[in-house]
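Below: the structure, in structure tokens.
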Amino acid sequence: MDAYDIVIIGAGPGGYTGAIRMAQLGFKTAVIEKDKTFGGTCLNVGCIPSKALLQSSELYYEASHDFADHGIKIESVKLDLEKMMARKTKIVGELTGGIEFLFKKNKITGIKGMARIVDANTIEITDANGIKVNIQAKNIVIATGSTPVELPFLKFDEKKILSSTGALALDFVPKEMLVVGGGIIGLEMASVWARLGSKVTVVEFADKICAMMDQDAVSVLQRSMKKTGVSFMTSTKVTASRSVGGRVELDYESLTDGKKASIQGDVVLVATGRKPFTDGLGLENVQIKKDERGRIQTNAHYQTNVPNIFAIGDVIVGPMLAHKAEEEGVAVGEFLATGFCHVNYATVPSVIYTHPEVSSVGMTEAEAKAAGIEIAVGKFPFAANGRAKAKGNTEGFVKIITDKATDRIIGGHIVCAGSSEMLGEIVVAMEFGGSSEDLARSFHSHPTMSEAIREAALAVDKRQRQG
Ligand code: FAD
Ligand code: NAD
């Protein structure tokens, strides 16, 4: 029977990134993946295909609506959806193939098959032909990720009732699309299909969309999405669904005045969250404890109640983000090598890759106030930034939140085109325990959108020069 120092179950960002660090640290490492390709949700049906379609659809929308402002006339812009989808599929294929290469390069054994924990040191693997083999592991890392939550009256068929996976693979532009859930997936997918011509309605249970994000920033995004034709119904509960003449009809109830009505669409995307995935994993064989939401419980070193079995990524507590899973995978490797590991959850960035992008790190004003921290806030609008004007991207702002007593940065929020690439500066400043003064005294090339970060940092002390 093959034997390894570490066997990771699941080849998503948590599993494959962790495996590379473990191999670098000298551990004999294997990764088991039940799907046909490595890369997990992120590479196959998540981060990467969604960003490919967001990019293509944004270019299509810009060419159709925005080029004329720059004095560029295009007689007719045509959509080739098949080609757009083929481009997405090619990118996914290149990146998932890249993981195979990284495994070989780092001498990691990649195994395709469904893993089931038999006991604390034995894993059974069933391949696509149903053939079973057992392998031995000194340590096991569960990195099995998450799957979309289904509503009882909206079961995914991926044709009319879509999860994010179906919404990333439509072969036609629906005339009308309903999106249940105004979270990150809902807004990203609503953006893609609205830009390509769908009339999209987002139905959200809460009284606001993306409730956890900076609400000033979210309102800029919501205004902008409305301009592309997306409608929003908040405080609305979907109660039933049916098929009517090949379309989907949803019954809903307003949570503000109790009024009931229904709405129809050609397809409905259900984006009401994701849940940890542990089906068929054999957790019962080792009595691994889960919390009330089905997340595997771990200590600060990602150890479960069985000391040589670890868990990371979407399957444990915390934001369901690829970079969070990656850091946890690395941390387990370092813990096994040194007895120490640390992930700083105060600096996990989060981005909604819409137009404009909403990028956040650390606390919102509301969270800081709820934690009883006296804050100072500096805000700077892109309407007053020269590069933003030159680009024609003046929507949005930068907001820097500091602890008033020390000037230490505790939060940063940027809403503008491309803010995902700008946020890193604030993340690094926070990681170094930086202050708004540190950002304010750092050079920023002129003219750049990043100058708005410096101006917002200066604005914490009311010293901004532009705007
Ligand atoms: P996963 O990536 O889910 O990987 C788990 C793997 O384990 C899967 O491949 C699964 O097949 C395998 N597995 C499960 N059980 C077994 C078993 N018993 N045996 C063998 N293999 C098994 N995050 C971001 O940070 N940025 C984004 O832009 C972003 N966009 C997203 C867009 C969409 C549409 C979705 C759905 C998600 C997005 N996410 C994004 C979230 C991100 O994909 C996840 O947070 C991330 O993939 C979690 O990584 P993971 O390694 O924990 O699990
Ligand atoms: P989410 O938790 O971000 O949003 C779900 C939304 O659905 C919430 O606003 C919630 O109030 C609403 N909701 C829940 N039940 C509802 C109901 N019955 N009717 C109407 N609304 C309802 O979840 P998601 O958008 O499905 O995304 C899942 C995970 O994937 C998230 O944790 C996110 O971090 C991750 N993800 C990240 C990115 C990114 O980083 N850009 C992109 C996509 C997904």
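We did not get these values from a lab; they are worked out from the coordinates using the rules stated. This is a predicted model, so every value here is computed, not measured. Heads up, the Cβs are rebuilt from the backbone with ideal geometry, glycines too, and the neighbour counts pull from every protein chain shown.
Observations, loosely collected:
- The alpha-carbon of Lys389 sits under 20 angstrom from the alpha-carbons of these aspartates and glutamates, leaving out residues fewer than 8 places away in its chain: Glu58, Glu62, Asp66, Asp69, Glu357, Glu421, Glu451, Glu455.
- Cα centroid separation, segment 391-467 to segment 39-114 (Å): 30 Å
- Projected label points at Asp251 and Thr126, each 7 Å from Cα along the beta carbon direction, are separated by 3.9 nanometres.
- q = 0.10, 0.13, 0.24 Å⁻¹, segment 356-459: log10 I(q)/I(0) [Debye, one scatterer per Cα]: -0.24, -0.40, -1.29
- Kirkwood hydrodynamic radius over Cα pairs of segment 43-130, then Stokes diffusion coefficient at 20 °C and 1.002 mPa s, in µm²/s: 127 µm²/s
- When Rg and the Kirkwood Rh are both derived from Cα coordinates, the Rg/Rh ratio for the chain amounts to 0.98.
- If R0 is 41 Å, the Cβ-Cβ spacing of Glu367 and Thr239 corresponds to a FRET efficiency of close to 0.80.
- Taking chymotrypsin sites (Phe, Trp or Tyr not before Pro) across segment 176-266, none is in a DSSP loop with at most 10 further Cβ atoms lying within 10 angstrom of its Cβ.
- Scaled to the globular estimate 2.2 N^0.38 Å, the Cα spread of segment 195-246, given as radius of gyration, is 1.34.
- Using distinct alpha-carbon pairs, which all enter the 1/r mean, Kirkwood radius of segment 80-177 in Å: 17.3 Å
- Site pair His70 and Phe340 shows an inter-label distance of 5.0 nm when each label is modelled 7 Å from Cα along Cα→Cβ.
- Tensor-based shape of segment 161-272 (alpha-carbon gyration tensor, a/c under 1.5 rounded, otherwise prolate or oblate): oblate
- For the set Lys105/Lys324; Lys51/Lys90; Lys379/Lys462; Lys208/Lys237; Lys28/Lys324, the pairs lying more than 18 angstrom apart at their alpha carbons are Lys105/Lys324; Lys28/Lys324.
- Charge dipole (Cα centre; +1 on Lys/Arg Cβ, -1 on Asp/Glu Cβ; no other charges) of segment 382-467 amounts to roughly 340 debye.
- Selection from Gln222, Gly93, Ala405 lying farthest towards where the dipole of the chain points positive, charges on Cβ: Gly93
- Under Stokes-Einstein, with the Kirkwood radius over Cα pairs as Rh, the value for segment 164-222 at 10 °C and 1.306 mPa s is 132 µm²/s.
- Membrane-span-like helices in the chain (whole DSSP H runs, Cα extent of at least 15 Å along the helix axis, mean Kyte-Doolittle hydropathy of at least 0.0): 184-195, 419-431.
- Magnitude of the charge dipole, segment 161-272, Cβ model with Lys/Arg +1 and Asp/Glu -1, debye to 20: 280 debye
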